[in-house]
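Read through the structure below, which is laid out as structure tokens, and then see the notes.
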Amino acid sequence: MASGGVYRNGGSQKPNNLRNSSSFKSKLPQSNVRRSTAVSLGGTDTVSGRVRVAVRLRPRNAEEMAADADFADCVELQPELKRLKLRKNNWDSDTYEFDELLTEFASQKRVYEVVAKPVVESVLEGYNGTVMAYGQTGTGKTYTLGRLGDEDTSARGIMVRSMEDILANISPQTDSLLVSYLQLYMETIQDLLNPANDNISIVEDQKSGDVSLPGATFVEIRDQQSFVELLRVGEAHRFAANTKLNTESSRSHAILMVQVKRSVTGSEANYSVENDSLSSRGNNYRPPVLRKSKLVIVDLAGSERVNKSGSEGHMLEEAKSINLSLSALGKCINALAENSAHVPVRDSKLTRMLKDSFGGTSRTSLVVTIGPSPRHRAETSSTILFGQRAMKVENMLRIKEEFDYKTLAKRLEIELDKLIAENERRKKYYDDDIERIRSEAEIRISDAERRFEEALKEEKVKCQMEYMESIKKLEEKWSQNQLKQVNNGLLREAHMDSGNGEVSELKRLLQNESHLRKIAEAELINLKDQLNRFTSPELSGENGDLVNLQRRLEDESRHKRKLEEELIVLRTQLSQMTIGSDHPGSSLDRDRRGYDGNNGERASIANLHEQVGLHKILSLLESEDASARIHAVKVVANLAAEEANQDKIVEAGGLTSLLMLLRTYEDETIRRIAAGAIANLAMNEANQELIMSQGGICLLALTAADANDPQTLRMVAGAIANLCGNEKLQTRLRSEGGIKALIGMVKCRHPDVLSQVARGIANFAKCESRASSHGRASGKSLLIDDGALSWIVQNANNDASVIRRHLELALCHLAQHEINAKDLIGGGALWELVRISRECTRDDIRTLARRTLTSSPTLHNELRRLRIDL
Ligand code: ADP
Ligand code: MG
């Protein structure tokens with residue numbers, strides 16, 4: 001393929017279906033055909049292209065045959081030498097060289113191929129082209145160019161044949177052909193396709209210098225038939241116009257313009273591909289290249305007018321006008337041939353219209369027609385000289401390419417729409433994909449979270465259990481140690497106090513009593529002696545003294561009886577004490593009761609009570625004799641252990657006396673036993689109120705504060721625990737320091753004490769819970785206010801089942817009241833409640849804990865936050 005736009009002389013680049021044609025052989029040196037580096041709109045190179053000139057000799061016509069029969073032709077053609085000899089006379093001639101010489105025998109086909117075909121090929125390649133016939137009237141210009149060949153197809157002229165070739169080589173889909181047909185007569189341009197349009201103006205583009213005739217009719221040609229028809233119409237109009245103007249067609253110039261617009265594929269296009277940034281993105285983004293070229297076929301008016309102006313009777317004006325265009329053409333060609341600085345293109349309409357054909361970018365071929373007659377030798381000579389000068393005119397052939405942005409825009413728009421649709425499809429696909437991946441990931445994450453959560457929960461529970469186990473073990477160890485210490489202390493104390501102390505005390509008392517009895521007996525003997533002495537005869541006179549003595553005797557007898565009764569009491573007591581001291585633990589119920597004797601003892605005491613009377617026993621509580629007080633309090637305590645006696649004891653003022661013992665005596669034994677008795681009496685609701693009203697709580701608290709003996713504390717704790725079970729007394733109990741005293745006693749750590757404390761707390765919590773559920777109380781638990789919670793939590797899982805059960809219940813009761821929830825969480829009770837709900841061996845407590853945890857919003861939320869499932 002030839003690189004775009006380079007015109008190759010000799011027809012090496014031809015449309016495929018154009019048959020090979022002979023071509024002009026330039027007589028000028030090859031160096032004259034130089035490539036131009038100038039770049040046109042489409043980046044097209046220009047090449048130099050000299051105007052090619054062929055001479056066609058018309059055969060003699062009939063007239064010449066006759067008139068010139070005796071004369072030789074004035075020209076002799078040597079086609080093989082491309083030479084023409086113009087005879088001057090019989091012996092001399094001038095020789096001229098032309099590009100082609102077409103003898104009288106040259107066929108129309110050959111004339112077309114030699115003269116016009118290379119131009120047509122150029123036009124199809126995108127160059128402008130001009131075929132022009134110049135010559136005297138009657139020499140065959142119209143014959144050469146305009147024959148339609150209706151009768152004889154071989155007679156078809158250049159116009160018809162050019163169109164045939166063009167139509168055969170363009171693509172109707174992408175290319176277009178527009179034809180206009182004009183006549184220039186007396187500097188007026190007429191439209192041969194629309195005769196009414198008889199003064200068409202020439203418009204010159206200031207920038208490009210391109211000439212156009214916007215007023216002319218341009219008919220789109222799609223087939224040969226319509227073109228021939230158009231030529232016929234044009235000819236008819238030309239004839240009519242000339243008739244009207246009373247002139248001949250030979251006086252006017254006929255101009256056929258064929259505008260060819262071709263769409264060129266990328267590889268054929270002329271612009272530099274290497275520099276095309278768009279090429280890398282493929283042909284789709286490259287604007288299609290449009291090649292606009294123009295074939296102008298000019299049938300000039302007869303050239304004889306130039307030399308014979310005004311001849312043959314034509315009006316001077318007309319002749320001038322005809323001369324004007326033709327002579328201007330001659331002047332321009334002369335100027336161009338001589339490389340003159342000024343080319344008078346603007347002198348005439350013809351030269352303006354043919355601006356591109358001579359000295360422009362057009363590929364121009366001139367056919368000079370001559371006749372053989374020696375009579376027209378002068379015209380023939382001037383015609384030949386015109387042709388000779390025209391051969392020197394050098395044109396710069398240039399392809400006019402432009403980017404077809406319109407078509408590109410349309411194509412890109414379609415492409416863009418396709419891409420938008422594709423993009424949308426893909427986006428949808430990606431979105432779906434992303435959504436799918438996201439939801440898969442979510443499922444995986446939540447799976448992992450769930451597994452992690454479960455593992456964490458398991459781990460947590462395990463840790464919790466281990467923690468609780470270790471705490472339990474530590475506490476076990478600690479309480480074992482404590483127990484050991486306490487037992488050691490107790491044992492020592494029991495031995496010393498209960499064992500030795502009490503027995504020796506009783507022995508001492510017994511000795512005392514024995515001694516008193518002996519004194520009483522001695523006194524009795526003494527008195528009997530005195531009585532005998534007074535009852536003797538010698539003393540009968542003294543009646544007054546005797547009466548006095550008798551009264552004293554009666555007194556003494558009463559006193560004696562009393563002593564004997566006391567003696568009986570004391571003896572019985574001594575025997576019971578001895579039994580009691582032999583079994584020190586059995587006298588106390590470990591859980592609920594205060595001071596309690598065994599059945600045997602109680603029976604004896606009951607016996608004693610019957611014998612001595614309750615008042616007598618109670619009065620002994622205030623005895624100045626310490627041992628009598630101790631014995632009395634023990635008896636009262638034993639009696640108080642019997643529910644049947646309790647009312648009687650209270651009625652007889654026993655409770656007051658017992659409280660008084662707590663207040664008055666520092667002896668811990670007395671206080672321990674008194675507290676035990678009070679504890680027993682405190683089982684009764686009426687007694688509880690009585691204890692409270694007599695300041696019992698303060699006394700019990702004081703006793704607890706001073707106590708050294710765990711059993712004293714157990715009694716006090718038992719008493720307070722009983723009071724804790726009375727809802728009416730809760731506020732007072734607390735305000736008088738009952739709870740503080742209760743909690744204070746846990747310092748002792750003796751399990752008996754702790755179980756009483758736990759019982760008290762459970763009682764208190766239960767009453768609070770009951771009060772709040774009945775709307776009688778609304779505030780936070782007083783137990784929490786008084787700081788009991790931490791001990792409750794610490795001991796809620798105590799090994800001693802009694803303690804554990806009480807505290808588990810207490811926690812459940814506290815948790816039932818929503819206002820306590822935060823403190824419970826803060827105090828660590830939640831874990832215990834969870835544990836209770838899971839592990840408690842008592843079904844009712846376990847269920848209660850679970851229900852409480854579920855029903856309390858705060859606890860429930862906390863469980864959720866900690867991700868603990870029940
Ligand atoms: P022009 O247009 O130059 O005035 P025409 O083409 O009208 O000349 O030709 C004048 C006459 O000569 C016509 O009758 C035409 O048929 C005839 N003629 C011209 N050239 C030839 C030719 N090469 N062979 C035969 N007849 C010709
Ligand atoms: Mg003619």
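Remarks
- Pairs where the first residue, in the range 137-157, is on the phi > 0 side of the Ramachandran plot and the second is near ligand 1 (Cβ under 8 Å from one of its atoms) and open to solvent by less than 70 Å² (accessible area, probe 1.4 Å), C-beta under 6 Å, 6+ apart: Gly140/Arg58; Gly140/Thr369
- Check on Thr703, among the hydroxyl-bearing types (Ser, Thr, Tyr) and open to solvent by less than 10 Å² (accessible area, probe 1.4 Å): yes
Here's the yes/no breakdown for (1) surrounded by 15 or more Cβ atoms within 10 Å (Cβ to Cβ); (2) in contact with a strand residue (DSSP E or B) (Cβ under 9 Å, 6 or more places away or on another chain); (3) more than 22 Å from Lys472 (Cα to Cα):
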| site | (1), (2), (3) |
| --- | --- |
| Leu782 | yes, no, yes |
| His806 | yes, no, no |
| Asp823 | yes, no, yes |
| Glu832 | yes, no, no |
| Arg835 | yes, no, no |
| Thr847 | no, no, yes |
| Ser855 | no, no, yes |
| Leu859 | yes, no, yes |
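- Which listed residue, of Val131, Val119, is among the hydrophobic types (A, V, I, L, M, F, W, C), within 16 Å of ligand 1 (Cβ to nearest atom) and at pLDDT 95 or above: Val131
- Restricting the search to helices (runs of 4 or more DSSP H) fully inside the range 752-870 and requiring at least 2 residues that are of a type in the set (D, E, K, R) and within 51 Å of the chain's Cα centre (by Cα) gives 821-826, 829-839, 843-855, 857-865.
- Filter result for Val260 (buried (at least 21 other Cβ atoms within 10 Å of the Cβ) and at pLDDT 95 or above): yes
Results for (1) crowded, with 18+ Cβ neighbours inside 10 Å; (2) of a type in the set (D, E, K, R); (3) part of a helix (DSSP H, G or I), shown as yes or no for each residue.
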position	(1), (2), (3)
Ser327	yes, no, yes
Cys332	yes, no, yes
Asn339	no, no, no
Thr351	yes, no, yes
Asp356	yes, yes, no
Thr369	yes, no, no
Ser382	no, no, yes
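- Count - residues of the range 134-175 that are open to solvent by 30 Å² or more (accessible area, probe 1.4 Å), more than 16 Å from ligand 1 (Cβ to nearest atom) and not charged (D, E, K, R): 6
- Of the residues in the range 487-494, at least one is open to solvent by 90 Å² or more (accessible area, probe 1.4 Å), modelled with pLDDT under 85 and not basic (Lys, Arg).
- Checking Tyr185 against (1) open to solvent by 50 Å² or more (accessible area, probe 1.4 Å); (2) within 14 Å of ligand 2 (Cβ to nearest atom); (3) farther than 22 Å from Ile384 by Cα, the condition it does not meet: (1)
- Some residue of the range 741-757 being under 30 Å from Asp667 (Cα atoms) and touching a His at 6+ places or on another chain (Cβ under 9 Å): yes
The values are calculated or read from the model by the stated rules, or taken from the named source; none is laboratory data. Keep in mind that this is a model prediction, so the values were computed, not measured. Glycine gets a Cβ as well: all are built from the backbone with ideal geometry, and neighbour counts include every protein chain shown. Note: accessible area is taken over every heavy atom of the protein model, side chains too, but ligands, DNA and RNA are not part of it. Shrake-Rupley method; radii C 1.70, N 1.55, O 1.52, S 1.80 Å.
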